[in-house]
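Have a look at the structure below before the remarks.
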Amino acid sequence: MLPLPSSFTKPNSHTSQFTNHTMQHFHPEPHIAPTVSSDAKRSGKKRGSYNCGRCGLPKKGHDCTGKTAPTPTSASSATPSHSSFSAVSAPSSGSASRRPLSHLRRALSFDEDEAGRLDPSEPADVWSVEDDLDSSGLPGNLLWEVLRRLPPAGLLTAAMVSRGWREMTRSLWRAAEELRIRVPAWAQVGFVSSILQKCPGIVTLSLKMESDVDSTILACIAFSCPNLAFLEISVSDPAVNRISGGEFARFVADKKSLKSLKMEGCSNLGGFVLCSSSLSTLWLSDLYSLSKMVFNCPQLREVSLEFAHQESDSTDLTTMVEGLGRSCPRLKNIHISSMHLSHAAVLALTAAQLRGLRMLSLVLGSEVTDASVAAIASSYLNLELLDLSGSSISDSGISMICNVFSETLTRLLLALCPNVTSSGIQFATAQLPHLELMDCGMTICEPNSHHPTADESNRKLQKTFATNLHLTNQKLIIKHSCLKKLSLWGCSGLDALYLNCPQLNDLNLNSCRNLHPERLLLQCPSLENVYASGCQDMLIGAIQSQVCNAFTDMENPSPCKRLPDGSKRVRVPHLVNTESPEDEKKGRRKKRRLCNVVVD
C-alpha cells in the first residue's frame with residue numbers, strides 16, 4: 001500500500017444524542033393488556049390476542065390505519081392524548097409494519113467520521129416512531145440505533161430474543177452497506193455465503209481470511225453482492241491465496257460497479273489482463289514471477305504493486321510500467337515495491353508523461369540512482385509525496401529533489417538509503433518549507449550494523465550497506481516550522497540530535513542506540529508520541545525529562561520593569577499593576593498535552 005502517514009473507530013456519540021431526542025417525545029405509560037374474547041378462552045388455543053397490536057380493534061376484516069384507537073381502560077390508567085408513542089401491545093409480538101428503508105446508509109459501520117452515516121436526528125426516515133416491537137414498549141427507532149451498533153455475531157444473538165427483534169435484525173442486514181468479516185480457519189465458503197446472502201445491498205466488503213482463498217470466494221462475492229464497489233481481501237500467515245490470474249481478471253471484468261480492489265497473497269496469479277471501466281484503486285501484494293501484466297483501466301487513479309522479496313522473481317517491470325503508463329492516463333498515485341526496480345523502469349515511467357501524478361513511491365530499488373531522480377524531476381514537477389526508500393541515491397539526488405519540488409513536496413521518505421548522510425537530511429529540511437513527514441530510518445547507521453530486513457532473499461541491499469562505510473558520530477540539526485512526523489529509526493550512527501519543530505507530534509527514535517543523552521535537545525512543544533524502543537536507559541530518561549516534565553502549568557509571575565538607571569528588573573506589586581484580568585489570563589501559559597514515550 002502507499003506509504004502515507006498512518007492513521008491511528010472512535011466511540012460513537014450518536015446514541016446519547018438520539019436517546020435524548022427520543023425521550024423528549026416519550027412518556028411512560030402503564031402496560032394495558034387487550035381484552036380477550038370468551039370464544040378464545042373456550043378454544044384453549046394459546047395464540048395470543050386477536051386484536052390489533054397497534055389500534056386495539058379486532059383483526060378479523062380489519063385494515064389498520066396506523067392510528068391508536070381508544071382501548072377499554074380503567075380511569076387510573078388512561079392513555080395520555082399528547083403521547084406520540086402508544087404503549088398498548090399484545091402479548092404476541094407480531095411484526096410491525098415498517099417504512100421503506102431507502103435512506104439507510106452504512107448500518108453496520110462504526111466509523112463516525114465517514115460520510116453517509118445514518119443521522120439519528122431524522123428518525124422518521126428509518127423506522128416509524130409509533131412502531132412497538134415487543135411487550136417492553138421500546139420505540140422502533142431506539143431499538144434500531146442500539147442494534148445497528150452490534151457486531152455481526154451480536155446481531156445473530158439478538159435475532160433470537162423475539163419475533164420483533166428478528167424482523168429488526170433482518171432489516172439491519174438488508175440495509176447494511178459495509179461489512180467486515182473475519183473468516184476462521186475452520187470455515188468453508190458456505191460460511192461467507194450465508195452472511196453475504198443476508199446483505200444484498202453491500203457496497204463495501206472486507207474479508208480477513210484465516211483459511212485458504214480460491215475462486216469459489218470470488219464467485220460467492222460476485223453472486224451475493226451485485227452492487228459491490230469496494231472489496232478488500234487480507235490473508236493471514238497460515239492461509240494461502242490460490243486465485244489464478246484468469247479467475248481474477250474474470251471477476252474484475254464481471255463486476256461493473258467495482259471501484260476499489262485490495263488483495264493480499266497474490267503469489268499464484270501468474271499473469272493477468274485486467275479490463276475494467278470503473279476500477280479506480282488497485283492494491284496487490286506478494287506478487288511473484290508474472291508472465292504478463294496488462295492494465296486496461298482508463299479510470300485507474302491509484303495502483304500499488306508489491307512484489308515478493310525474492311531474487312528469482314522474473315517479472316519484467318520495464319514492460320509492465322510502459323503498459324501501465326500507456327493504458328492508465330489518469331494515474332495520480334503509484335507505488336511499486338520490488339528488488340528488481342531499475343533505472344530503465346524509471347525511464348519507462350517518466351516517458352509515460354502522467355500529468356496528474358502526485359504521489360510516487362519506488363521502494364527497494366537498489367539500482368535507482370541520482371540519474372533516476374533527475375529523470376523524475378524533469379518529468380513530474382508537482383509531486384506531493386516521493387518515496388525512494390531502499391534506493392542508492394546520495395546527497396546530490398536530495399539536492400535535485402529540493403530544487404524542483406520546493407513548493408509542492410510535503411512527504412519525503414528516504415529510509416534504507418545508505419548513501420545519504422546527515423548533511424543531506426539537514427539540507428532537505430531547510431529547503432523544503434512545506435514538508436510535513438520525513439522518514440530517514442536506517443539511513444545514518446554504523447558500517448557493521450545489521451539491516452533488519454536483510455536475509456537470504458535480499459543480499460543485494462545488505463552488500464550496499466557494507467560497501468558504503470559511513471562516518472559514525474554524525475550530528476543532525478533540524479529546525480522546521482511545518483514538520484509533523486519524523487522517523488529516525490535504526491540510525492545507529494547518529495550521535496547528536498537537536499530538534500526545533502513546533503508542529504512535530506510524532507518522533508521515532510527506535511534503535512538509536514548511540515545517541516548521547518547529553519547531546520539530545522527537543523524543542524517540540526506539540527510532541528505527542530516518542531518511540532524509543534531499543535535505546536539506552538539514560539537516553540530514555542533524558543527524553544522523558546525533556547518532553548514530560550517541561551512546560552508544566554504555571555502562571556506568569558508578576559509584571560516586571562527596570563529601574564530608572566536600567567540596572568535591574570523589579571517586580572511590580574499586584575496593587576500597582578494596571579493590566580486587566582483578561583490580559584493576565586492571556587499571558588498565562590496554556591496547559592501542554594502529555595507526551596507518550598513508548599519503549600516497548
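The values are calculated or read from the model by the stated rules, or taken from the named source; none is laboratory data. This structure is a prediction, so every number in the text was calculated from the model and none was measured. A quick note on method: Cβ atoms are made from the backbone with ideal geometry, for glycine too, and the neighbour counts reach across all protein chains shown. To get the accessible areas, we keep the full protein, side chains included, count just its heavy atoms, and leave off ligands, DNA and RNA. Shrake-Rupley method; radii C 1.70, N 1.55, O 1.52, S 1.80 Å.
Here is how the numbers come out for the structure above:
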| item | result |
| --- | --- |
| Distance between the range 318-375 and the range 504-544 - C-alpha centres, whole angstrom | 36 |
| Loop GluC sites (Glu not before Pro), the range 134-200 (other Cβ atoms within 10 Å of the site Cβ: 15 or fewer; DSSP) | none |
| Formal net charge of residues neighbouring Leu287 (Cβ-Cβ distance under 13 Å; K, R +1; D, E -1) | -4 |
| Ser396 versus Trp186: modelled label distance in nm, points set 7 Å from Cα along the beta carbon direction | 6.3 |
| In order through the range 193-205: 3J(HN,Hα) via Karplus (6.51 cos²θ - 1.76 cosθ + 1.60), integer Hz, x for Gly, Pro | 5, 5, 7, 5, 5, 6, 10, x, x, 4, 10, 10, 10 |
| Efficiency of FRET from Cβ geometry, Asp316 and Ser257, R₀ 45 Å, rounded to 0.05 | 0.90 |
| Anisotropy class of the range 177-308 from Cα gyration tensor, a/c 1.5 cut | oblate |
| Residue-span extension gain [Asn596 to Ala374] - 0.36 nm each, minus C-alpha spacing | 75.9 nm |
| Accessible area expressed per residue, the range 473-552, with surrounding protein chains retained (probe 1.4 Å, Å²) | 42 |
| Local net charge near Phe272, Cβ-Cβ under 12 Å (Lys/Arg +1, Asp/Glu -1) | +1 |
| Long-range HN-HN contacts of Leu138 with modeled amide H, under 5 Å | Leu133 |
| Calculated FRET value between Ser278 and Ala219, using beta carbons and R₀ = 25 Å, to 0.05 | 0.80 |
| Under the Karplus curve 6.51 cos²θ - 1.76 cosθ + 1.60, θ = phi - 60°, whole-Hz ³J(HN,Hα) for the range 239-250, x wherever Gly or Pro sits | 7, 10, 8, 9, 6, 8, x, x, 5, 5, 5, 5 |
| Efficiency of FRET from Cβ geometry, Arg170 and Ser406, R₀ 45 Å, rounded to 0.05 | 0.15 |
| Distance in nm between pseudo-label sites at Leu156 and Cys482 (7 Å out along the Cβ direction from Cα) | 5.1 |
| Whole-number accessible area per residue in Å² for the range 182-299, which is evaluated in the context of all protein chains at 1.4 Å | 43 |
| Label-to-label distance, nm, for residues given as His343 and Asn473 (7 Å Cα→Cβ offset) | 3.6 |
| Percentage relative contact order, the range 473-552, counting C-alpha pairs under 8 Å, at least six apart | 27 |
